[in-house]
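Comments concern the structure below.
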Amino acid sequence: MKSLIVLILGVATGAVLALGFLFFSPFSAQKPLSPISVSEREKVLLRYSAVAENSIIFTNSGESSVHPFPVKVLQLWEPPIRQTDLLVTVLRDGRNQPAGIGVKFSSLSERTRVLEGKALVDSAWYIHMPGQGSMLIEQSENHWSFVRDIVAPAHWSSGDNWRGNWHGTITDGPGALGTGRVYGGSGRFAGLVSEAVETLSAKAYSAVTGPVAMEGQLTIELAVGTDNMDEIERAANALRQ
Amino acid sequence: MIRVFAFGILLGVAAALTALHFVPMVDQYREESIISVTTNGGNAETFHVKVPTDRIMIGAQGFANSLPAGMEWPDDPRFHEVRAEVFKLRNSRDAIIGVASRFASTDPGLGNVIEWVLHLPARGTVFARIPPQSVDGARRVGELRAGTREFGSLNGRMSERWVAETSASDQTTAGRIELLMTFVGNEIYVPEEELAE
């Protein structure tokens, strides 16, 4: 009986050690620099507040610490959308002027792998910029660093909050260099196929209510691309040769 | 006793790593996809939203019945020509399977345009652009601009149609918006032997 208790204590200690090592593993550190930040191509920078109360609407299942806003907005409680967040917000340009309206759909990803330091979210931004056009940005986001550096310390803090300066890239794909994909819709973005990254800058986070002072930024590269089928087939023919 | 404790630690480490590898951390609930084969080739899938039941948000400048209550639509003049709506999205069996946004713009620089984004958490996202002119007095037909994950390799069209609810006896607008997506795959097959050359 005594041996069994010691064995159970050993198993528990081993499990805690394994989880602790994975959580604090230096191998899962976030990328220090996005490839787009060193690109010389023309870019569009769009900023938004990542605080729910500063958005037009934010909704989720209602079970998260980040509460839907406004209070009477419909919640996403049905099973297929229960793990989805929806954000509609004003996007501001580099001069802090309103430039467009963005709708962000974010769903927890089944490709999440804790062993690899990947807490993944599949997201899509629809961006409408009056006078300029519209686009869709497809992203796979990795929130591991954000959870480890901000969310967990906020929960461990006696005041249930975190304060500091944190800046990180959350975009992790689907591009080979960890960039998101951009598909132009209309206006000057029509036909555009390009790349984008999303970063977060946090200064305060509450374990009870979520982000208190946090801003997101989308950096969208305006490379000349195509979704034209003829050009795609020409590229495939070139590959054959 | 120390040996038992050390063995327990190893067992605990192994058990934790095995569990993390094999037990999925996220499991999205899936409704069965209802896809039909069209007569001229390709596939078709129908979605719809019930109005006003499924409407999460409607916003436009000067619009008296903005939803949800308490929402502040931006009053910047550049958003004057934008009408934005967000819905829960249903499949043809009337089950909620995702969320969708619909933006209608009468931008003098861009022309009139309607853009839909359908987000199905377990499957992916579809981006469609639809001209505001109807083709038969009821349906507007546009093209799929882009898709992600399951929809990433698809090419096709999307139509929207307003179906009024005839049983509505009060003055409120009620009905449903039907979305029909017809698509074909646009992946290009390159035989492995050609790739190897």
Note to self, the protein assembly as shown gives a 222 nm [θ] from helices alone (DSSP H runs n ≥ 4, -39500 (n - 2.57) apiece, / all residues, nearest 500) of -5000 deg cm²/dmol
Measure off 7 Å from each Cα along the Cα-to-Cβ vector at residue A:190 and residue B:104, then give the distance between these two points in nanometres to one decimal.
2.1 nm
Where a Cα-Cα gap under 18 Å defines reach, which lysines qualify for residue A:72, not counting those fewer than 8 residues away within the same chain?
B:88
Please compute the modelled spin-label separation between residue A:17 and residue B:6, points set 7 Å along Cα→Cβ, answer in nm with one decimal.
1.0 nm
Inter-chain shielding metric for B:150-157, i.e. average beta-carbon neighbours from other chains within 10 angstrom, reads 1
Once you average over the residues of A:132-141, how many Cβ atoms of partner chains fall within 10 Å of each Cβ?
5
Which whole number gives the average, over all residues in A:104-116, of C-beta atoms from other chains lying within 10 Å of the residue C-beta?
5
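How much length, in nm to one decimal, is gained on full extension between residue B:192 and residue B:133, taken as 0.36 nm per residue of separation minus their Cα-Cα distance?
Details: separation 59, 0.36 × 59 = 21.24 nm, distance 4.50 nm.
In short, 16.7 nm is gained.
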If the label point is 7 Å along Cα→Cβ of residue A:3, which residues in segment B:1-16 have backbone nitrogen under 18 Å from it?
B:1-12
If the cut-off is 16 Å between C-alpha atoms, which aspartates and glutamates fall inside it for residue A:2, apart from same-chain ones fewer than 8 positions away?
none
Alpha carbon centre of segment B:103-138 versus segment A:154-173: separation in Å?
37 Å
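Compute the length gained on full extension between residue B:143 and residue B:166: take 0.36 nm times their separation in residues and subtract their Cα-Cα distance, giving the result in nm to one decimal. Write down the numbers at each step before the final one.
On the way: separation 23, 0.36 × 23 = 8.28 nm, distance 2.97 nm.
Length gained, residue B:143 through residue B:166: 5.3 nm.
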What residue among A:106, A:25, A:123 has the largest mean-square fluctuation in a Gaussian network model of chain A, using Cα springs under 10 Å?
A:25
For segment B:143-159, take each phi angle, set θ = phi - 60°, evaluate the Karplus expression 6.51 cos²θ - 1.76 cosθ + 1.60, and give the result in whole Hz per residue in order, putting x for glycine and proline.
10, 6, 8, 6, x, 10, 6, 4, 9, x, 9, 9, 9, x, 10, 9, 10
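What FRET efficiency, computed as 1/(1 + (r/R0)^6) with R0 = 45 Å and r the Cβ-Cβ distance, is obtained for residue B:173 and residue A:213, rounded to the nearest 0.05?
Working: r = 40 Å, r/R0 = 0.90.
Efficiency, rounded to the nearest 0.05: 0.65.
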For labels at residue A:96 and residue B:20 in the simple 7 Å Cα→Cβ model, what's the distance in nm?
4.2 nm
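Values in this text are rule-based calculations from the coordinates and carry no lab data. Keep in mind that this is a model prediction, so the values were computed, not measured. Neighbour counts run over all protein chains shown; Cβ positions are idealised from the backbone, glycine included.
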